[in-house]
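Remarks on the structure that follows.
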């Protein structure tokens with residue numbers, strides 16, 4: 001993994017992790033699915049516009065179209081949609097911790113579905129990740145966390161893992177920004193249908209809503225997704241997914257600074273165990289003979 005890939009990964013991880021805090025702020029003043037649908041519409045149109053300005057076309061490969069549809073459904077409509085809804089009841093830091101398990105899910109899926117072999121270090125990493133998540137969730141449940149909100153985040157991260165694996169088909173054929181823009185429009189279309197069916201739409205115009213919405217639309221929404229697609233193309237899904245191990249650290253840090261959220265000792269231990277588990281899985285992948 002070269003320096004450019006590391007820089008891209010770190011940048012992506014921070015942008016992605018900060019989205020949990022901005023989402024938490026948004027749902028204080030607006031209905032979650034409707035606000036997310038509007039965000040995707042704006043980000044998607046900007047992305048397509050930039051792609052056209054760069055000379056990219058709508059002529060995607062069959063694999064890219066398939067990945068674009070799956071990514072739009074699984075990441076945007078399901079993962080982010082469920083997280084936005086859950087953020088009405090749970091803290092941004094907990095959502096970030098749950099999302100950080102995505103690399104473990106990707107590694108397990110490639111092991112079970114694609115037949116990739118896991119070395120002993122990788123197996124230990126998966127076990128450590130499961131143990132860390134169990135510790136965090138057990139602590140939160142005993143503290144009275146909203147179980148429905150936590151369940152939505154769990155379902156969401158499963159959908160995110162599917163989206164990450166689906167992007168294997170989007171990393172060939174170029175037109176990266178077009179793929180980014182189109183998958184956001186797919187998510188927007190789905191959420192515009194889902195919003196009036198599942199929630200009471202409201203918007204309370206405030207300065208914090210405007211700033212959070214603008215930030216999440218441009219930075220985590222457009223820039224982070226574009227960097228993510230480029231990173232997948234550069235180093236592959238398994239290695240790229242490793243940067244999600246930074247989500248708990250960055251996510252908790254941003255939530256602490258902006259929202260005043262705090263973690264208990266067992267939460268901190270759980271985050272450390274999950275982080276080490278993901279790192280172990282990545283190291284086992286790098287150690288695998290080529």
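Quick test for you: out of 257, 281, pick the one residue that is more than 15 Å from the chain's Cα centre (by Cα) and surrounded by 20 or more Cβ atoms within 10 Å (Cβ to Cβ).
281
What pairs come up if the first residue lies in the stretch 17-37 and is touching a residue at least 12 places away in the same chain (Cβ under 8 Å), the second is outside any helix (DSSP H, G or I) and buried (at least 24 other Cβ atoms within 10 Å of the Cβ), and their beta carbons are under 6 Å apart, counting only those six or more places apart or on different chains?
Cβ pairs passing all conditions: 23/87; 24/87; 27/87.
Assuming residue 100 fulfils every condition listed in (1) farther than 25 Å from residue 274 by Cα; (2) modelled with pLDDT under 80; (3) surrounded by 22 or more Cβ atoms within 10 Å (Cβ to Cβ) apart from one, which condition is it?
Single failed check for residue 100: (1).
Residue pairs, Cβ under 7 Å, 6 or more apart or interchain, first in the stretch 133-145 and at pLDDT 80 or above, second in a loop (DSSP other than H, G, I, E, B) and surrounded by fewer than 17 Cβ atoms within 10 Å (Cβ to Cβ). List them.
Here the result reads 139/264, each pair linking the stretch 133-145 to a residue that is in a loop (DSSP other than H, G, I, E, B) and surrounded by fewer than 17 Cβ atoms within 10 Å (Cβ to Cβ).
Can you find, within the stretch 7-23, the residue that is modelled with the lowest pLDDT among those that are surrounded by fewer than 18 Cβ atoms within 10 Å (Cβ to Cβ) and touching a helix residue (DSSP H, G or I) at 6+ places or on another chain (Cβ under 9 Å)?
10
Within the stretch 263-278, does at least one residue satisfy the condition of being over 17 Å from the mean Cα position of the chain (by Cα), modelled with pLDDT of 80 or more, surrounded by fewer than 21 Cβ atoms within 10 Å (Cβ to Cβ) and over 30 Å from residue 138 (Cβ atoms)?
no
Is there a residue in the stretch 115-129 that is at pLDDT below 85, closer than 30 Å to residue 84 by Cβ and outside any helix (DSSP H, G or I)?
no
I'm told residue 89 meets every condition in (1) surrounded by fewer than 18 Cβ atoms within 10 Å (Cβ to Cβ); (2) farther than 15 Å from residue 153 by Cβ; (3) touching a helix residue (DSSP H, G or I) at 6+ places or on another chain (Cβ under 6 Å); (4) at pLDDT 85 or above except one. Can you identify the failing condition by its number?
(2)
Being part of a helix (DSSP H, G or I) and farther than 16 Å from residue 244 by Cβ is the filter here; which residues of the stretch 102-114 pass it?
If the condition is that a residue be part of a helix (DSSP H, G or I) and farther than 16 Å from residue 244 by Cβ, then 111, 112 are the ones that fit.
Quick check: anything in the stretch 178-192 out of contact with any helix residue (DSSP H, G or I) (no Cβ under 7 Å at 6 or more places or on another chain) and assigned to a helix (DSSP H, G or I)?
yes
Among 180, 219, 186, 229, which is surrounded by 16 or more Cβ atoms within 10 Å (Cβ to Cβ), at pLDDT 85 or above and under 29 Å from residue 281 (Cβ atoms)?
219
Could you run through the stretch 132-158 and say how many residues are surrounded by fewer than 20 Cβ atoms within 10 Å (Cβ to Cβ), under 16 Å from residue 272 (Cβ atoms) and within 21 Å of the chain's Cα centre (by Cα)?
Looking only at that region, the number is 2.
How many residues, within the stretch 24-49, are in a helix (DSSP H, G or I), at pLDDT 90 or above and either within 27 Å of residue 94 (Cβ to Cβ) or under 14 Å from the mean Cα position of the chain (by Cα) (or both)?
Within the stretch 24-49, residues that are in a helix (DSSP H, G or I), at pLDDT 90 or above and either within 27 Å of residue 94 (Cβ to Cβ) or under 14 Å from the mean Cα position of the chain (by Cα) (or both) number 12.
Taking the stated definitions as given, is residue 4 touching a residue at least 60 places away in the same chain (Cβ under 8 Å), more than 13 Å from the chain's Cα centre (by Cα) and either buried (at least 22 other Cβ atoms within 10 Å of the Cβ) or in a helix (DSSP H, G or I) (or both)?
When the stated conditions are applied, residue 4 passes them.
Can you find a residue in the stretch 62-77 that is in a helix (DSSP H, G or I), modelled with pLDDT under 80, out of contact with any helix residue (DSSP H, G or I) (no Cβ under 9 Å at 6 or more places or on another chain) and more than 30 Å from residue 253 (Cβ to Cβ)?
Checked against the condition, which is being in a helix (DSSP H, G or I), modelled with pLDDT under 80, out of contact with any helix residue (DSSP H, G or I) (no Cβ under 9 Å at 6 or more places or on another chain) and more than 30 Å from residue 253 (Cβ to Cβ), the stretch 62-77 yields no hits at all.
The values are calculated or read from the model by the stated rules, or taken from the named source; none is laboratory data. Remember, it's a predicted structure, so these values are computed and weren't measured experimentally. Neighbour counts run over all protein chains shown; Cβ positions are idealised from the backbone, glycine included.
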